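The values are calculated or read from the model by the stated rules, or taken from the named source; none is laboratory data. Here the structure is a predicted model, which is why all the values come from computation and not from measurement. Neighbour counts are summed over all protein chains in view; Cβ atoms, including those assigned to glycine, are modelled from backbone coordinates with ideal geometry. Keep in mind that these areas ignore ligands, DNA and RNA; they rest on the heavy atoms of the full protein, side chains included. Shrake-Rupley method; radii C 1.70, N 1.55, O 1.52, S 1.80 Å.
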Amino acid sequence: MNNNDIVQKLWNLCDVLRDDGINYSDYVTELVLLLFIKMVHENSEAGLLNKHTLPTGCRWTDLSDKDGLNLLDDYKRMLLTLSTGKDSEGNTLHADPLILAIYADAQTRLREPRHLKQLIKSLDSIDWFSAQKDGLGDLYEGLLEKNANETKSGAGQYFTPRALIDSMVRAINPQAGEVIQDPAAGTAGFLIAADSYIKAQTDDHFDLDAKQVAFQKNNAFVGVELVPSTRRLALMNCLLHGMEGDDEGVVHLGNSLGQVGAALPKADIILANPPFGTSKGGDASITRDDLTYPTSNKQLAFLQHIYRNLKAGGRAAVVLPDNVLFEAGVGTSIRTDLMNKCNLHTILRLPTGIFYAAGVKTNVLFFTKGSEADKHQEENCTTNTWVYDLRTNMPSFGKRTPFGAQHLTPFEAVCNVALAERVEGEWSFNAEEAEVDDSVVNQDIDGSEKAQQRVAHSRWRVFSRDFIRDTKGDSLDISWLKDANSVDAADLGTPEELAGEAMTELKGALADLEALMKSLGAELETEVKG
């Protein structure tokens, strides 16, 4: 049984919960409260988890042999102890801040002891030895992805497609010793992908000394998440991947657009997919008083936080909707400030349909704090911006046509990511590769005509800072490819020709309608006579 099989089996357990009145939105949260206890048990049995063990009376073996009301009552007591650190009499049983954070306010909505017993038996029946080989963290990650792909769960709002996350991480090229931040962490997908990338580069930390390993485990990654239930999933996810963080864990609870965000230390790398929408008050409101350009647009506020929170020479990749690229007023000021303080070297125009909200158009902005020549430069840092159009003439992505790594391979190739030709995080663009025509099938065009065809249709183009300023008015909504399904106004004909065609079609439709009426009248007359 591989991890995909186990994920499917775990997901099928949700049918048990549905019979107990639990809806899609609570499925994974309810399941992982129990699943995490089982995974801690399996990790402990395998000698992979020594620090964050669960207290006596709150372990898997304390559940697996019980039945009936005793089982359900003991499970409720266990969750209370894990969330408070105390037993029913007020005695302290544990003070592990990470376990307390993971189980903060944890409660079960299960009402039938038989459903809890069924879940326990099902978890016990899984081949955990096979799961260990692939990593329990990856198994857990698969369950989160499964939940995000289930549209009824609503979980897609905090889940970025795995292929996109991995591509962004490869492009940013994180290194051991760097501080990596996600101010809108969700279930910590970006942070875990960056950790996995670094582990792959360092032979699972084997190439690092003890001090460096401790830094990677406890200090290299920090995230902020606003929603407590989502943060719970993130903390479990990180711990199962060997990422412990500080006393609050890797992902802190709070609002990056409030004082929690203002207090974040500067980072070497920021990877993020901020939530869409505008500030409407409440916990998610924008209360930062240190942002230069006040705005109610959360994405513009997040963008300001990100480029301000980078260290000199730090680099970022952030997913943003189209409106951030062209919104006037304060939007223009923020984009100008970004290009002054950072080298906005690349924009990836993403296809529609890859996020939970149908029709949302998004982009990835890649930028470095300072200029290529001087990382401490704060004015005129952007000189050229490369744009890769992965949107025009692309399939309509969804469940039937899933978005995958293969769709991002051409982008990574022209950025020389696959060839690893960058030095110390700098990007090295190949002008010849930039002209590769990946949207036009090979045609019998030779010489200069073929070269012109490549330039005209290439998805990869560079635009100067002067062009963006003088021609686009600092709008970054740049496109040049023609949609294959669009009709050129020049090919429509004269108004007289169009009117004549419309009249001919109308006459034809009227003739067809008259023939149909006559046919129906004849049939009706026959029926009456009959």
Which numbered condition residue 84 fails, given (1) out of contact with any helix residue (DSSP H, G or I) (no Cβ under 9 Å at 6 or more places or on another chain); (2) open to solvent by 60 Å² or more (accessible area, probe 1.4 Å): (1)
All positions within region 181-223 that are modelled with pLDDT under 95 and among the aromatic types (Phe, Trp, Tyr): 206
Top-ranked residue in region 360-374 [being modelled with pLDDT of 85 or more and in a loop (DSSP other than H, G, I, E, B); ranked as surrounded by the fewest Cβ atoms within 10 Å (Cβ to Cβ)]: 373
Close pairs (8 angstrom Cβ cut-off, 6 or more residues apart or separate chains): within 8 Å of residue 83 (Cα to Cα) in region 93-106, of a type in the set (Phe, Trp, Tyr) anywhere: 102/36
Residue 272 being buried (at least 18 other Cβ atoms within 10 Å of the Cβ) and modelled with pLDDT under 95: no
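Do we have residue 126 as in a loop (DSSP other than H, G, I, E, B), within 18 Å of residue 39 (Cβ to Cβ) and not hydroxyl-bearing (Ser, Thr, Tyr) here?
Here the answer is yes, as residue 126 does meet what is asked.
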Identity of the residue in region 56-77, within 37 Å of the chain's Cα centre (by Cα) and in contact (Cβ under 8 Å) with a residue 40 or more places away in the chain, that ends up nearest to residue 229 (Cα to Cα): 75
Pair list, Cβ under 8 Å, 6 or more apart: region 79-91 residue outside the structural domain of residue 236 (by the TED database) and of a type in the set (Val, Ile, Thr), other residue in a loop (DSSP other than H, G, I, E, B) and open to solvent by less than 30 Å² (accessible area, probe 1.4 Å): 81/55; 81/57; 81/58; 81/94
Check on residue 210, open to solvent by 10 Å² or more (accessible area, probe 1.4 Å) and among the small types (Gly, Ala, Ser): yes
Qualifying residue in region 250-268 (condition: under 18 Å from the mean Cα position of the chain (by Cα), over 27 Å from residue 360 (Cβ atoms) and touching a residue at least 60 places away in the same chain (Cβ under 8 Å)): yes
Elements of type helices (runs of 4 or more DSSP H) in region 1-118, at least 3 residues being closer than 21 Å to residue 242 by Cα: 3-12, 24-45, 97-102
Residue list for region 103-137, filter: closer than 26 Å to residue 162 by Cα, open to solvent by 40 Å² or more (accessible area, probe 1.4 Å) and touching a helix residue (DSSP H, G or I) at 6+ places or on another chain (Cβ under 6 Å): 134
Residue count for region 182-224, restricted to those that are farther than 28 Å from residue 275 by Cα and basic (Lys, Arg): 2
Residue in region 340-359 that is assigned to a loop (DSSP other than H, G, I, E, B) and touching an Asp or Glu at 6+ places or on another chain (Cβ under 8 Å) present: no
Matching residues, region 163-207, being in a helix (DSSP H, G or I), among the charged types (D, E, K, R) and crowded, with 21+ Cβ neighbours inside 10 Å: 195
Lone unmet requirement of (1) under 28 Å from residue 178 (Cβ atoms); (2) open to solvent by 10 Å² or more (accessible area, probe 1.4 Å); (3) not in a helix (DSSP H, G or I) for residue 337: (3)
Test for residue 176: is it of a type in the set (A, V, I, L, M) and under 24 Å from residue 304 (Cα atoms): no
Residue selected from region 448-501 under the condition closer than 21 Å to residue 348 by Cβ and modelled with pLDDT under 85, by the criterion surrounded by the most Cβ atoms within 10 Å (Cβ to Cβ): 458
Test for residue 62: is it modelled with pLDDT under 90, acidic (Asp, Glu) and out of contact with any His (no Cβ under 7 Å at 6 or more places or on another chain): no
